[in-house]
Amino acid sequence: MFPETTISYFLGCKLCGILAMLMVYFCSGIPTAETLLYQKRLTAEESSAYNALANITYIDPVTHRLESRPASDIGKFGLHSRIGIAGGKLLHLRRRNSVMDYHGCSTDVDRSRIPQGEPWIALVRRGRCRFRVKVRNAVTVLGASGVVVYNNINERDLVLMTHSVPGAVSIFIDKLDGEFLASLVDNGVHVTMTIYPPPRHLSQPHSIQHNFKSNKRLVPEIVELQKSSALSTAVNVALVVTCTIYVTIAVLFH
């Protein structure tokens, strides 16, 4: 009923689809070395190196009394974050002409709310864009002294942020803490926040990524994870090449 070439082409496309599905499976099933490294270190003994302390001061809107949250482990520094002190007025960044967009993915914000001549901390919500975009917008473009990203879902483990903004102090906190701070700021409460690492890190003002590179005990682990990443890449390339060859043969020689 159908020409042989058509049948062969159809079978070739069908096989190509199967191979494409396998490729997607391998892409999602074998994380990159970078992803595995971040996940593993968050649960390893070294995870304490990410701890970020914070002191928060504000005027209670009900009692009108000065409230101060003592230093506590509020979140985690990002992988590329500068391990240092950052402080100032907390500002919940909202996109101009938007009621609920607090994600920090745009620099089109009401800049009249940004303190002039004094340090300030940007508070932004997770989602809609990459962490590096949020940090770059807040620090590089808008001039924040630090960035606090709060989670948009309830989960037990804090995310290890990655970004490519050198010298920026950035931390990730959970949804509950973030929404509490956001509610204060959104209701006109003046909140001051100071971010700093545990005392043992204050004499080492460099990124956590540098700490990992200098930790010789972790080098074998990094190599193994890089091998996993190379394997996934090789498998994907082989599937694409096989798919291309098969379809070409089906079309030209049948």
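Using modelled amide H (1.01 Å from N, peptide plane; none on Pro or chain starts), what sits under 5 Å from the amide H of residue 103, excluding residues fewer than 5 places away?
95, 125
So between residue 48 and residue 164, what do we pick up on full extension, going 0.36 nm a residue minus the alpha carbon distance?
39.6 nm
Any idea what the alpha-carbon Rg over 2.2 N^0.38 Å comes to for the range 140-184?
Values: Rg = 11.8 Å, N = 45, 2.2 N^0.38 = 9.3 Å.
Relative to the rule-of-thumb radius for its length, the range 140-184 sits at 1.26.
Along the Cα→Cβ direction, 7 angstrom out, place labels at residue 152 and residue 73. What is the inter-label distance in nm?
Each label point is offset 7 Å from its Cα along the Cβ direction, giving 2.7 nm.
Say each of residue 130 and residue 179 gets a label point 7 Å from the Cα, pointing the same way as Cα to Cβ; how far apart are those two points in nm?
Between residue 130 and residue 179, the label points sit 2.9 nm apart.
Multiplying the sequence separation of residue 98 and residue 65 by 0.36 nm and subtracting their Cα-Cα distance, what value in nm do you get?
Extending this stretch completely gives an extra 8.7 nm.
HN-Hα J couplings of the range 185-191 from phi, Karplus 6.51/-1.76/1.60, θ = phi - 60°, integer Hz, Gly and Pro as x?
3J(HN,Hα) across the range 185-191, in whole Hz: 5, 5, 9, x, 7, 7, 10.
Pull up all non-local amide H partners of residue 191: gap of 5 or more, or a different chain, and H-to-H distance under 5 Å with H placed in the peptide plane.
Long-range HN contacts for residue 191: 90.
From the alpha carbon gyration tensor of the range 98-178, can you work out the equivalent ellipsoid semi-axes (sqrt of 5 times each eigenvalue) and give them in Å, largest to smallest?
Each semi-axis is √(5λ); the values are 20, 15, 12 Å.
Between residue 108 and residue 57, with labels modelled 7 Å along Cα→Cβ, what's the label distance in nm to one decimal, could you check?
Inter-label distance under the simple model: 3.8 nm.
Under 5 Å between amide H atoms, partner at least 5 residues away or on a different chain: which partners does residue 170 have, H built in plane at 1.01 Å?
Correct list: 78, 82, 147.
Sorted by accessible area (1.4 Å probe), largest first, how do 141, 133 line up? Mind dumping the intermediate values first?
On the way: 141 70, 133 30 Å².
Accessible-area ranking of 141, 133, largest first: 141, 133.
The values are calculated or read from the model by the stated rules, or taken from the named source; none is laboratory data. All of these numbers come straight from a predicted model, not from anything done at the bench. With ideal geometry, Cβ positions are generated from the backbone for all residues, glycine too; neighbour counts draw on all protein chains shown. Please note that ligands, DNA and RNA were not included when accessible areas were found on the heavy atoms of the full protein model with its side chains. Shrake-Rupley method; radii C 1.70, N 1.55, O 1.52, S 1.80 Å.
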